[in-house]
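Undergrad: Sending over a structure as structure tokens; questions will come in a sec.
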Amino acid sequence: MSTFTVPSGDPGALRRVVTTVSTLAGTVGETRSERLRSLGTRAASALPAARVAAFAGGRADAGKATDAVGLSLVTVGGAIADWAAALEEAQQAVRGASSRHAHAQTLWRRARSTGEAELERQYHQDMRDETTAADRAHGALDETRRRVVSTLRGEVDLWVPDAPSSIAPVTAWQRAAVGAAPTAFTLDPQALWDAYKNPDTQLAKDVVTKAIKGATKGYQVYGVLNYVRAPSLATKAESKFLEARNVYQALKGNAPDLSDPKVYKAYLKAERGMLKAYVSNNPAEVRQAQWLFKRSRGLLGDMRALENARRFHPGLSTPEIMGRAGRFDRLMRPVRAATPVLSKVLGPLGVVGGTYDMYTAVTDPDLQTDDRAARFVGGAATAVGGAVTTAMAFGVIATGPVGLTVVAVAGVVAVGAWVYENREAIAEGAKKVAGAVADGAKKVGGALADGAKKVWKGLFG
Amino acid sequence: MGFAGGDPRELQQVSTGLSTLSSHLAGDATEIARQGRSAAAHAGDPQVADLAETALAAIGGVVVATAAIVQGLSEGATTAGTQLRRATGQVPQ
């Protein structure tokens, strides 16, 4: 490239991109985030108590993603604005230097032809000065390029860790989408590819719909989202995240002048702090594996729980999966040693006991209608929970996050907490619930399994 | 009839709101990717062009995943509302 070649690019068009990206940063990082927060609050007050925590886990994931995306867009927008400004300055400087160099060259030739040695030297020096000015403009642009490239690469690394330096945009789009989605959601790579190559909102929406249809339904979605993000870590990590976010927002609230390198640096630092908090809070495979291990060791015993967790997370080491054993964990060791055996005993007992409750619920003439319904529903949950526990304890079905969630839900319902909370409402519909199974139940005890299925289906989809 | 442990009507409204939010996020993702292409077309320098498009594509991808989570929450809210209605006999089994 010649010294006087004007750098290509359209700073005006780049500024228009920056304006749109800034608007999108506000839309995703604030408007959408705020809407999600408001809907989440409404959901928390409308959901049955047992499901609020799991819903909050999923909402927190989405909320943090929108906040972090808003910040990332601001960073990318800032980098593009930085480049547009440097490009425009370089273009003007090179154009000016080129024009003045051409003029000096004309005068230098004239002076040389007329033999005016002093003028010839002076114009030659002018030519050199303009060449230096053009070189300096290119140098300044190179420096900005390095800074902008580093910032943009940092953003790519953030969303697509370990990406090769030559990763194609469509691949980054696919990998970032798959990496940020919960493991239970299957984002179709081909649909993602189509949505990127042919930008259309409906196509992007199709990707989302397909993912949901392919995912676990109903309550299991909550369970799996909860699995993605271990709730025990949520509070501490969330407060760190909010702290970092406050620093960023305080800076942003003062309408920072991002063209000032010091302000821009402080802004980037605040943003990095926020993103670091986000990433450290992001569900890691290690946490997932530990979640699975801790919850399945009571059913399977330490060794089999470890094997089970390895099956779901083959890339992790034993210490990673087991984590650190705290004091309480050590105290619980004798109990855990007994529970795999107990699971094999209590699981079938749950089926028997639950079935008995269901049977007495429809045959005991002394029961009030609401008590009858409560006993029946609790019995059904105990039976199904017992069946799943038994299957897991004997290794008939995999002890995955969904199965564990079913057992947990069955436990909650079986102790009657949920039923008690809703007992007045249940009383209203009790005749229908009991009526739906009473005929079959009265004929033979074996028909109770059918009834259990009906109630289970009614409760959990 | 009141529900002590949940409110199916409110859940339905929340579900609709979440579904709309998911659609909006999907639209945002598309627009972010489009801006990446535009930045690449006007950047001039090939390295800056490539990275600007890639960075915005990655961010757009994260927004798609977020839209998926929000849609999951929407369908979960619908399911929870339906389960409450069924369990309390408001709709036939």
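The values are calculated or read from the model by the stated rules, or taken from the named source; none is laboratory data. Note that the structure is predicted; figures quoted are calculated from it, not measured. Here the Cβ is made from the backbone with ideal geometry for all residues, glycine too, and neighbour counts use every protein chain on show.
Undergrad: For the range B:62-81, which positions are within 7 Å of chain A (Cβ to nearest Cβ) and surrounded by fewer than 24 Cβ atoms within 10 Å (Cβ to Cβ)? Even if it seems obvious, please write down each step before you answer.
TA: Taking the range B:62-81 first, the residues within 7 Å of chain A (Cβ to nearest Cβ) are B:62-73, B:75-77, B:79-80.
Of everything in the range B:62-81, those that are within 7 Å of chain A (Cβ to nearest Cβ) and surrounded by fewer than 24 Cβ atoms within 10 Å (Cβ to Cβ) turn out to be B:75, B:79.
Undergrad: Just to be sure before I move on: is residue A:65 touching a residue at least 60 places away in the same chain (Cβ under 8 Å) and surrounded by fewer than 24 Cβ atoms within 10 Å (Cβ to Cβ) in the structure I sent? Working first, answer last.
TA: Working: touching a residue at least 60 places away in the same chain (Cβ under 8 Å): yes; surrounded by fewer than 24 Cβ atoms within 10 Å (Cβ to Cβ): no.
Judged against the criteria, residue A:65 is not a match.
Undergrad: Which ones in the range A:1-19 are in a helix (DSSP H, G or I) and among the small types (Gly, Ala, Ser)?
TA: So the first thing to find is which residues in the range A:1-19 are in a helix (DSSP H, G or I), and the list is A:11-19.
Answer for the range A:1-19, where residues must be in a helix (DSSP H, G or I) and among the small types (Gly, Ala, Ser): A:12, A:13.
Undergrad: Moving on to the next point. Return yes when residue A:22 is within 9 Å of another protein chain (Cβ to nearest Cβ) and part of a helix (DSSP H, G or I) and no when it is not. Explain how you work it out, then say what you get.
TA: Numbers: within 9 Å of another protein chain (Cβ to nearest Cβ): no; part of a helix (DSSP H, G or I): yes.
Taking the combined requirement at face value, the residue does not satisfy it.
Per-residue answers, yes or no, for (1) closer than 30 Å to residue A:44 by Cβ; (2) of a type in the set (Lys, Arg):
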| site | (1), (2) |
| --- | --- |
| B:6 | yes, no |
| B:13 | yes, no |
| B:16 | yes, no |
| B:30 | no, no |
| B:37 | no, yes |
| B:49 | no, no |
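Undergrad: Listed residues A:94, A:21; which is assigned by TED's automatic domain parsing to the domain that holds residue A:142, of a type outside the set (Gly, Ala, Ser), surrounded by 22 or more Cβ atoms within 10 Å (Cβ to Cβ) and at pLDDT 95 or above? Show your work before the answer.
TA: Numbers: A:21 fails: at pLDDT 95 or above.
One residue alone meets the criteria, A:94.
Undergrad: Assuming residue A:30 fulfils every condition listed in (1) buried (at least 21 other Cβ atoms within 10 Å of the Cβ); (2) more than 23 Å from residue B:54 (Cβ to Cβ); (3) in contact (Cβ under 8 Å) with a residue 24 or more places away in the chain; (4) within 20 Å of the chain's Cα centre (by Cα) apart from one, which condition is it?
TA: Exception for residue A:30: condition (1).
Undergrad: Can you name the condition, by its number, that residue A:71 falls short on among (1) touching an Asp or Glu at 6+ places or on another chain (Cβ under 8 Å); (2) without any contact (Cβ under 8 Å) to a residue 24 or more places away in the chain?
TA: Tallying (1) touching an Asp or Glu at 6+ places or on another chain (Cβ under 8 Å); (2) without any contact (Cβ under 8 Å) to a residue 24 or more places away in the chain, residue A:71 fails exactly one: (2).
Undergrad: May I pose another question? Give the range B:32-61 a look and list any residue that's without any contact (Cβ under 8 Å) to a residue 12 or more places away in the chain and within 7 Å of another protein chain (Cβ to nearest Cβ), or say none.
TA: Initial filter on the range B:32-61 (without any contact (Cβ under 8 Å) to a residue 12 or more places away in the chain): B:34, B:38, B:41-51, B:58.
Residues satisfying the conditions are B:34, B:38, B:42, B:43, B:44, B:45, B:47, B:48, B:51, B:58.
Undergrad: Restricting attention to the range A:1-20, which residues are of a type in the set (Gly, Ala, Ser) and under 11 Å from residue A:134 (Cβ atoms)? Walk me through how you get there before you give the answer.
TA: Applying the first criterion (of a type in the set (Gly, Ala, Ser)) to the range A:1-20 yields A:2, A:8-9, A:12-13.
Scanning the range A:1-20 gives a single hit, A:2.
Undergrad: Among the numbered criteria (1) at pLDDT 75 or above; (2) not assigned by TED's automatic domain parsing to the domain that holds residue A:59, which single criterion is violated by residue A:149?
TA: (2)
Undergrad: List the residue pairs whose Cβ atoms are under 7 Å apart, where the first residue sits in the range A:1-24 and is within 24 Å of residue A:98 (Cα to Cα), the second is part of a loop (DSSP other than H, G, I, E, B), and the two are 6 or more positions apart or on different chains.
TA: The qualifying pairs are A:7/B:44; A:8/B:44; A:9/B:44; A:9/B:45.
Conditions (1) of a type in the set (Gly, Ala, Ser); (2) touching a helix residue (DSSP H, G or I) at 6+ places or on another chain (Cβ under 7 Å); (3) at pLDDT below 90, marked per residue:
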residue: B:3; (1), (2), (3): no, yes, yes
residue: B:13; (1), (2), (3): no, no, no
residue: B:34; (1), (2), (3): no, no, no
residue: B:45; (1), (2), (3): no, yes, no
residue: B:49; (1), (2), (3): yes, yes, no
residue: B:52; (1), (2), (3): yes, yes, no
residue: B:79; (1), (2), (3): no, yes, yes
residue: B:84; (1), (2), (3): no, yes, yes
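Undergrad: Moving to a separate point now. Hey, any hits in the range B:3-23 for a residue that's over 19 Å from the mean Cα position of the chain (by Cα), facing chain A (nearest Cβ under 7 Å) and within 19 Å of residue A:174 (Cβ to Cβ)?
TA: No, the range B:3-23 contains no residue that is over 19 Å from the mean Cα position of the chain (by Cα), facing chain A (nearest Cβ under 7 Å) and within 19 Å of residue A:174 (Cβ to Cβ).
Undergrad: Continuing with the same structure: Could you grab me the full set of residues in the range B:20-54 that are among the hydrophobic types (A, V, I, L, M, F, W, C), out of contact with any Phe, Trp or Tyr (no Cβ under 7 Å at 6 or more places or on another chain) and under 30 Å from residue A:38 (Cβ atoms)? Before the answer, list the steps.
TA: Step one: of the range B:20-54, the residues among the hydrophobic types (A, V, I, L, M, F, W, C) are B:21, B:25-26, B:29, B:32-33, B:39-41, B:43, B:48-49, B:51-52.
When the remaining residues are screened for being out of contact with any Phe, Trp or Tyr (no Cβ under 7 Å at 6 or more places or on another chain), the result is B:21, B:25-26, B:29, B:32, B:39-41, B:49, B:51-52.
Correct list: B:21, B:25, B:26, B:29, B:32.
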